[in-house]
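Chemist: Okay, handing you the structure first.
Only the coordinates and a few stated rules stand behind these numbers; no lab work does. What you see is a predicted model, and the numbers here were worked out from it, not measured in a lab. With ideal geometry, Cβ positions are generated from the backbone for all residues, glycine too; neighbour counts draw on all protein chains shown.
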Amino acid sequence: TQLLEQSPQFLSIQEGENLTVYCNSSSVFSSLQWYRQEPGEGPVLLVTVVTGGEVKKLKRLTFQFGDARKDSSLHITAAQPGDTGLYLCAIMKTSYDKVIFGSGTSLSVIP
Amino acid sequence: EAQVTQNPRYLITVTGKKLTVTCSQNMNHEYMSWYRQDPGLGLRQIYYSMNVEVTDKGDVPEGYKVSRKEKRNFPLILESPSPNQTSLYFCASSSVPAPKTGDYEQYFGPGTRLTVT
């Protein structure tokens, strides 16, 4: 079974700080998704990255896909308490294949 | 409103008593899947379906069955539940990825918390 490693596992920061979380795989994959999950709710899809080297922005969130399509990062600028949640990455080896999730990064932003 | 619904939201049952968790989506999505989420193990895919009558195993299919007789519904069946199937279950549905960008819609249901005693 392919593993998808996320780091750090836990992150607690002050409001206004910047942070980066990482998602790494030992294998190349076709697409990578980032999700945010709040307690008691289902994950919400934030972005999909497909092309090696691709960078996508969603307000204060910047997502980058590694050139070799084996890793990705999520950078949050000026974190706010509303960013608190579990951030998950997930990959599909090919379109319409099974999905593998990382174990997540639990982010807490303290006011 | 785009929606994935699951029922029941909470279920406490006993070992061996067959149960079904229903999942329905109103977006005409082709791809649907079931996940379980456990502390320290993250989300693991149980089964997925690429279209009506087409299903395939995810990473943890043992002890589960699914069917896809209609596009909108994808029930999860536990024929003989055991305590190790106590978990939080999510159903999800997805659109077809866009050819160039790979972008697609995906929605998760609200979750079903199952306890097997």
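Chemist: Non-local amide H neighbours of B:Val96 (under 5 Å, H modeled in plane, Pro and chain starts lacking H): which ones?
Modeler: Under 5 Å from the amide H of B:Val96: B:Glu30.
Chemist: Between exposed trypsin sites (Lys or Arg not before Pro) in chain B, where DSSP calls loop and at most 14 other Cβ atoms lie within 10 Å, what's the longest gap?
Modeler: Result, exposed sites excluded: B:19-68.
Chemist: Further question on the same structure: For the charge dipole of the protein assembly as shown, defined by +1 on Lys and Arg C-beta atoms and -1 on Asp and Glu C-beta atoms about the Cα centroid, which residue among A:Pro39, B:Ser87, A:Phe63 has the Cα displaced farthest towards the positive pole?
Modeler: Result: B:Ser87.
Chemist: What is the distance in Å between the Cα centroid of the stretch B:1-64 and that of the stretch A:24-72?
Modeler: 23
Chemist: State to the nearest 20 debye the size of the charge dipole of the stretch A:38-83 about its Cα centre, where the only charges are +1 on K and R beta carbons and -1 on D and E beta carbons.
Modeler: So the dipole magnitude of the stretch A:38-83 works out to roughly 200 debye.
Chemist: In µm²/s, what is D for the protein assembly as shown at 4 °C and 1.567 mPa s, where D = kT/(6 pi eta Rh) by Stokes-Einstein and Rh is the Kirkwood radius from Cα pairs?
Modeler: My calculation gives 72 µm²/s for D.
Chemist: Turning to a different aspect of this structure: Report, by chain and number, residues whose modeled amide H sits under 5 Å from the one on A:Thr84, excluding near sequence neighbours (fewer than 5 apart, same chain).
Modeler: Those lying under 5 Å, H to H, from A:Thr84 are A:Val109.
Chemist: If you don't mind, there's one more thing I want to ask. Quick check for me: using +1 on Lys/Arg Cβ and -1 on Asp/Glu Cβ, what's the dipole size of the stretch B:57-98 about its Cα centre, in debye to the nearest 20?
Modeler: Taking the Cα centre of the stretch B:57-98 as origin, the dipole is about 260 debye.
Chemist: Tell me, what are the semi-axes, in whole angstrom and largest first, of the equivalent ellipsoid of chain A as set by the roots of 5 times the Cα gyration tensor eigenvalues?
Modeler: Rounded to whole Å, the semi-axes are 23, 15, 12.
Chemist: Contour minus end-to-end for B:Thr86 and B:Thr117, with contour as 0.36 nm per residue of separation and end-to-end as the Cα-Cα distance?
Modeler: Working: separation 31, 0.36 × 31 = 11.16 nm, distance 0.83 nm.
Taking 0.36 nm per residue and subtracting the Cα distance, the gain is 10.3 nm.
Chemist: For chain B, state the semi-axes of the equivalent ellipsoid (square roots of 5 times the eigenvalues of the alpha-carbon gyration tensor), sorted largest first and rounded to whole angstrom.
Modeler: On the way: eigenvalues 121, 40, 35 Å².
Working from the Cα gyration tensor, I get semi-axes of 25, 14, 13 Å.
Chemist: Among the listed pairs A:Lys56/B:Lys100; B:Lys18/B:Lys69; A:Lys59/A:Lys98, which are separated by more than 18 Å between their Cα atoms?
Modeler: B:Lys18/B:Lys69; A:Lys59/A:Lys98
Chemist: Under a Cβ-only charge scheme (Lys and Arg +1, Asp and Glu -1), can you give me the dipole magnitude of the protein assembly as shown about the Cα centre, in debye to the nearest 20?
Modeler: 460
Chemist: Sticking with this structure for a sec: In whole Hz and in residue order, list the ³J(HN,Hα) couplings for the stretch A:25-32 that follow from phi through the Karplus curve 6.51 cos²θ - 1.76 cosθ + 1.60, θ = phi - 60°; x for Gly and Pro.
Modeler: So the Karplus estimates, Gly and Pro as x, are 10, 7, 10, 6, 9, 7, 8, 10 Hz.
Chemist: Can you list residues from other chains, or at least 5 along the same chain, whose modelled amide H is less than 5 Å from the amide H of A:Ser31?
Modeler: Under 5 Å from the amide H of A:Ser31: A:Met92.
Chemist: Cα to Cα, under 19 Å, and not fewer than 8 places away if on the same chain: which aspartates and glutamates meet these conditions relative to A:Lys57?
Modeler: Once the sequence-local aspartates and glutamates are set aside, what remains near A:Lys57 is A:Glu17, A:Asp67, A:Asp71, A:Asp83, B:Asp103, B:Glu105.
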